Amino acid sequence: MSIEKLTILGSTGSIGTQTLDIVRRNPERFRITSLVAHSRWQELAEQAREFSAESVVIGDKNHYRALKEALADTDIEVMAGNEAIEEVARSYRSDTVVNALVGYAGLHPTYLAIESGKRIALANKETLVVGGDIIMAAAKRKGVDILPIDSEHSAIMQCLEGEKRRSIRNLIVTCSGGALRNIPREELHSVTPEVALKHPQWSMGSKITIDSATLVNKGFEVIEARWLFDIEPERIKVVIHPQSIVHSMVEFTDGSVKAQLGNADMHTPISYALLYPERSSEAMEHFSILDYPTLTFAEVDREKYPALDIAYECLQRGGTAPCTMNGANEVAVAAFLNHRCGYHDIVGAIRYALDNASFEIRPTLTCYDEANDEARELAERYLSRR
Ligand code: NAD
Ligand code: MG
């Protein structure tokens, strides 16, 4: 088996560090080319040493000097800023790019990595939410595989192995309901970030944890599934499944339903994406169905979670609409985390941005940059006027 050279964008985050766990367990399989993080330069320096990376990039240029000094006794190349992130994303030195950045920042690096013919292990779902059309077309043109690092999409991909497209009736995406699933709708207005950050099943970065509480994340996953599996939005269903054991399902035309089950542990979808079409010979943690004698499923309360229908609406509108939703959400989630606005203002800002943004039906990557900037401004305006 040949050694695969990996670049990890977002190596200090939740997905990034778990990706490095998989690399650590498979030293004969992977080498690290580049590691990228935003500001945690000490951790980045430690990772670079441990994995003998060829280069590191710190997104926030203010930390360049400190990182450079921390690695002064090594041969590791040190770079900073967005241009450097784009440079390592397309560098000929790596075979695969793991994109575990958060938010819109992931779009251009994914595109550049595809254009330079690399395999993509994609955790940054915002890439597909914003630019699924362009990204999937580029991947097809380049013959590049995009392997999802999202438990639901990994599950669907596993259920679809060996199946014919025409046999698929529906994709059924499961949803834990997030941290607020037991809080009644009438009480949501007073929810604090501290409460919304307590996800019952998954330990993840703060942005996706808030997105899970609002179900924006589930809406984004519907959009992600639409592009990854090239399926009409009406055939993507969402069901609440509080135990997070069934990671998603596929219903076939003969009435059969396949599901993929396992612990709520991102190491499994990460290793599936990295080792595909092989599987890891050993689980991080063994799963026993006997530990889960009761698995339950329920309809989503669409009034409690309006973000899900907004995501379907954006898919229906197409063009820059999902990009507008994403940009406004990023601003509002950051404001909510900083106690600058309330829980309902997240959906409020998204609605305001969608109702007031300009719209482009056939966007280019530059159009996305403009739509993202505009959505961010609109969300700021909404938040400042409340
Ligand atoms: P995180 O906040 O824990 O980590 C993000 C990483 O990206 C950090 O290393 C950070 O330094 C880096 N980063 C962020 N913005 C950057 C920028 N502008 N420039 C350079 N580096 C930047 O986030 P996470 O939870 O690991 O999520 C990463 C992505 O994976 C998100 O798109 C998320 O939706 C998706 N995802 C995460 C999980 C999970 O379990 N955490 C599951 C499914 C999908
Ligand atoms: Mg998910």
Study note, to complete from the structure: Expressed in Å to one decimal, the Kirkwood Rh of segment 4-148 from all distinct alpha-carbon pairs is 14.9 Å
Review point. What residue among THR174, THR268, THR17 has the largest mean-square fluctuation in a Gaussian network model of the chain, using Cα springs under 10 Å?
Key: THR17
Review point. Which FRET efficiency value, to the nearest 0.05, is calculated for GLU232 and ASP75 with the Förster distance at 35 angstrom and r the Cβ-Cβ distance?
Key: 0.10
**Study point:** Ascending count of other beta-carbon atoms within 10 Å, so fewest first, for TYR276, TYR104
**Key:** TYR276, TYR104
Revision key, fill the gap. One finds, for LEU295 and ASP145 with R0 = 22 angstrom and r their Cβ-Cβ distance, a FRET efficiency to the nearest 0.05 of 0.10
Practice item. Going by C-beta contacts inside 10 Å, put SER39, SER34 in order with the fewest on the left. Key: SER39, SER34
Revision key, fill the gap. Residues of segment 245-278 with backbone N under 17 Å of the label point set 7 Å from the Cα of SER288 along Cα→Cβ are 262-264
Review point. How high is the relative contact order of the chain, in percent, counting Cα pairs under 8 Å that sit 6 or more residues apart?
Key: 14 percent
Review point. Tell me which lysines have Cα within less than 20 Å of LYS140's Cα, excluding those fewer than 8 residues away on the same chain?
Key: LYS118, LYS125, LYS164
Review point. Relative contact order, percent, of segment 4-148 when contacts are C-alpha pairs under 8 Å separated by at least 6 residues?
Key: 21 percent
Review point. Å³ per residue of the Cα convex hull, for the chain?
Key: 141 Å³
Exercise for review: Hey, for a label at ARG93 modelled as a point 7 Å past Cα toward Cβ, could you say which residues of segment 1-39 have their backbone N under 12 Å away?
Suggested key: 6-8, 32-36
**Study point:** Fraction of beta bridges assigned by DSSP in the chain that are antiparallel (%, nearest 5)
**Key:** 25 percent
Review point. Segment 259-288 to segment 130-203: how many Å between their Cα centroids?
Key: 16 Å
Point to revise | Shape of segment 111-180, Cα gyration tensor, a/c cut at 1.5 | key: oblate
Practice item. Would you calculate a helix-derived [θ] at 222 nm for the chain, using -39,500 (n - 2.57) for each DSSP H run of n ≥ 4 and dividing by the full residue count, to the nearest 500? Key: -13500 deg cm²/dmol
Exercise for review: Could you pull out which residues in segment 95-137 have an amide N less than 15 Å from a spot 7 Å beyond the Cα of SER39, following the Cα-Cβ vector?
Suggested key: 102
Point to revise | Neighbour-count ranking [beta-carbon atoms within 10 angstrom, fewest first] of LEU261, LEU290, LEU275 | key: LEU290, LEU261, LEU275
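Every number here is computed from the coordinates shown, using simple stated rules; none is lab data. Worth saying up front: this structure is predicted, and the values here are computed from it rather than measured. Every residue, glycine as well, gets a Cβ built from its backbone with ideal geometry; the counts of neighbours run over all protein chains shown.
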